[in-house]
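Reviewing the structure listed below.
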Amino acid sequence: MTSTLRIRDLDKRFGGGRTLFGFGAEKPSVHAVQSANLDVASGETLGIVGESGCGKSTLARMIVGLLPPTEGRIEIEGQDYAERAGKDPAAFGKLIQYVFQDPISSLNPRKTIRQILEAPLKLLHAMPAAERGARIDDLLDAVNLRREFLDRYPHEFSGGQAQRIGIARALAAAPRILVLDEPVSALDVSVQAQVLNLLAELKREFELTYLFISHDLAVVEAVADRVAVMYFGAIVEMAPAEKIFAKPLHHYTVLLARSAPTVGRPLGAPEAEDAELPDPLNPPPGCAFARRCPAATEICRRERPPLEENGTQHLVACHNPAR
Ligand SMILES: Nc1ncnc2c1ncn2[C@@H]1O[C@H](COP(=O)(O)OP(=O)(O)O)[C@@H](O)[C@H]1O
Ligand SMILES: [Mg+2]
């Protein structure tokens, strides 16, 4: 497998340090992403799933250069990311682009769609004005939007249309990798399917690699070749999609799969009221899921399980994996 995106021991802490210029009390810190390791193959869709607050956007924002990591290394196509982004931001923008969750607020309200799509053509590709018109027409065609939309402003669009514009803006850079951060979560269910189909078509047409983030396991199941499950800042399970859905090994993944509502199937018993992510300012020792886990034993509350291979290409961080 040649990986186009390689992440090693990527870590992000927010806050921390001391008050009073370094002499006062220690400030609270949140360990939002904990030592993440990922390899994404060229042409692959890697799904990242986990509930709200588990660190998905923090991971995504580090990967696209919107947030500096506290520690760790990111390589794109064999090159050190930090070095490359610093030396040549335009080259970097042509490798990887981000699609935001909230389509309308991610577009500048004072710019027309034409201006929004022109920016990456000018800034990243130094494309002369004479060529930009045709390229913008192609981009609109690619996302199935009509040309008469070009001189309108973002607030004039529906969520689904705005997300198509967000996708067209990302494609304008002609990137190799798209990081899609909950790209359909803000959309109506009927529109979600259209945008997911569009993303699948674009991936084939432009030979893209996707990092597809969602809190919704059903959405990830529909799009991903491989799935990484995050819990409380850490990747707790990772496997090819068919393996993880056929036989999840982490009890958190089992819970996610069971609690996803499905038409025609009764809802499972709800979890206890206090079942939620631990306090990020006061993380528990051991496995962060232990308090919610039906299989937790004494070691789980004491020792944090490492992410290890358990069967072919199936990694899990669990002392007592499900069978
Ligand atoms: N800029 C920030 N400053 C402080 N804490 C943050 C910041 N951004 C995110 N966090 C915290 O990091 C954790 C992960 O957040 P996030 O990456 O947004 O999760 P997700 O995208 O999975 O919902 C949360 O506890 C969140 O409160
Ligand atoms: Mg998020």
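Filtering region 224-249 to residues that are under 25 Å from Ile76 (Cα atoms), among the hydrophobic types (A, V, I, L, M, F, W, C) and buried (at least 20 other Cβ atoms within 10 Å of the Cβ) leaves Ala224, Val227, Ala228, Val229, Met230, Ala234, Ile235, Val236, Met238, Ala239. Residues of region 269-293 that are at pLDDT 85 or above and closer than 11 Å to Tyr252 by Cβ: Cys287, Ala288, Phe289, Ala290, Arg292, Cys293. Taking the criterion of being within 16 Å of Ala162 (Cβ to Cβ) and surrounded by 16 or more Cβ atoms within 10 Å (Cβ to Cβ), the residues of region 109-126 that qualify are Thr112, Ile113, Arg114, Ile116, Leu117. Being within 21 Å of Phe206 (Cβ to Cβ), among the β-branched types (Val, Ile, Thr), in contact (Cβ under 8 Å) with a residue 60 or more places away in the chain and surrounded by 15 or more Cβ atoms within 10 Å (Cβ to Cβ), is that true of even one residue in region 27-37? There is no residue in region 27-37 that is within 21 Å of Phe206 (Cβ to Cβ), among the β-branched types (Val, Ile, Thr), in contact (Cβ under 8 Å) with a residue 60 or more places away in the chain and surrounded by 15 or more Cβ atoms within 10 Å (Cβ to Cβ).
Cβ separations smaller than 9 Å between residues 6+ apart or across chains give the following pairs from region 152-177 residues that are at positive phi to residues that are assigned to a loop (DSSP other than H, G, I, E, B): Ala174/Lys94; Ala174/Leu124; Ala174/His125.
Just name the residue that is farthest from ligand 1 (Cβ to nearest atom) out of those in region 48-57 that are buried (at least 23 other Cβ atoms within 10 Å of the Cβ) and more than 10 Å from Asp181 (Cα to Cα). Ranking the candidates gives Val49 first.
If you scan region 173-200, which residues turn out to be under 16 Å from Leu5 (Cβ atoms) and either part of a helix (DSSP H, G or I) or within 16 Å of ligand 1 (Cβ to nearest atom) (or both)? Those that are under 16 Å from Leu5 (Cβ atoms) and either part of a helix (DSSP H, G or I) or within 16 Å of ligand 1 (Cβ to nearest atom) (or both): Val179, Leu180, Asp181.
The requirement of being buried (at least 17 other Cβ atoms within 10 Å of the Cβ) and within 16 Å of ligand 2 (Cβ to nearest atom) is fulfilled nowhere in region 68-77; no residue meets it.
The values are calculated or read from the model by the stated rules, or taken from the named source; none is laboratory data. Model, not experiment: these values are computed from the prediction. Methodologically, a virtual Cβ is constructed for each residue, glycine included, from the backbone with ideal geometry; neighbour enumeration extends over all protein chains shown.
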